[in-house]
1. Can residue 92 be described as closer than 30 Å to residue 69 by Cα and either in contact with a helix residue (DSSP H, G or I) (Cβ under 7 Å, 6 or more places away or on another chain) or buried (at least 19 other Cβ atoms within 10 Å of the Cβ) (or both)?
2. Would you pick out the residues in region 13-55 that are part of a loop (DSSP other than H, G, I, E, B), surrounded by fewer than 13 Cβ atoms within 10 Å (Cβ to Cβ) and over 16 Å from the mean Cα position of the chain (by Cα)?
3. Can you tell me which of 185, 229, 154, 136 is outside any loop (DSSP other than H, G, I, E, B), buried (at least 16 other Cβ atoms within 10 Å of the Cβ), out of contact with any strand residue (DSSP E or B) (no Cβ under 6 Å at 6 or more places or on another chain) and modelled with pLDDT under 95?
4. Test of understanding: among 199, 207, 216, 243, which residue is within 19 Å of the chain's Cα centre (by Cα), in contact (Cβ under 8 Å) with a residue 60 or more places away in the chain and assigned to a helix (DSSP H, G or I)?
5. How many residues are in a loop (DSSP other than H, G, I, E, B) and either touching a strand residue (DSSP E or B) at 6+ places or on another chain (Cβ under 7 Å) or surrounded by 19 or more Cβ atoms within 10 Å (Cβ to Cβ) (or both) if we restrict to region 56-83?
């Protein structure tokens, strides 16, 4: 799926007050199979921008295209669009409402009036994708799950529709370390199938682990769009957007200052933690010597 945004501008309704421009002069493309991070401080327009892609919002100026089709056209099938593009809101567990996990994941499929055996098969597959066993969780009430389990059930409710694009808004917010690692594994598996992931986050450490390309937003505009390796070499751009260097890069710089050679492509936590282990061993040997 190919997404294209041209000259997009958007203001929220003012209700008698001076209108506030939320997005201005947005131009970008996202191609099929990309893993794109959208970063920026709170209020920079990240979520508002992606809500235009599923036509939850309509631009005041400009156009949004999906596979060459203008989303402003009355001929667009909105239900089909939202099946193809799965949007997972921040804290999606607040939207869980069915009596059981199985029923909640199956809700969208029942609206398609599919056969019961197909619904069951797809729900089982979606729950396996997020690491939940249907025998253990299917009959449980969503409100009795942990925060991480709720997040995974909500994500399964999107994956069960077999989307081509997955857009997630701060999917690791409020999760503990094991929950974050589970979410990372789910996103990597989805992307490995050749599908597109757009990850909205103000945590550059997470994007550094997953994304190949970052769109950086500030005050409703795109101030950077390119490879994440290039972005992290431009601290002035991050600082102007109110973001600092990822913690992992602070550690890499510390290693470099200590005389360690750290290759430029060491950007994942597991690899840097491995370097930290070697660093500690070296310090221990020096102190014992």
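The values are calculated or read from the model by the stated rules, or taken from the named source; none is laboratory data. A quick note: this is a predicted structure, and the numbers were derived from the prediction, not measured. Reconstructed Cβ throughout: ideal geometry from the backbone, glycine too, with neighbour counts over all protein chains shown.
1. Yes, satisfied.
2. The answer is 13, 14, 15, 16, 17, 18, 19, 20.
3. One residue alone meets the criteria, 154.
4. When all the criteria are applied, what remains is 207.
5. Residues flagged as in a loop (DSSP other than H, G, I, E, B) and either touching a strand residue (DSSP E or B) at 6+ places or on another chain (Cβ under 7 Å) or surrounded by 19 or more Cβ atoms within 10 Å (Cβ to Cβ) (or both) within region 56-83 amount to 6.
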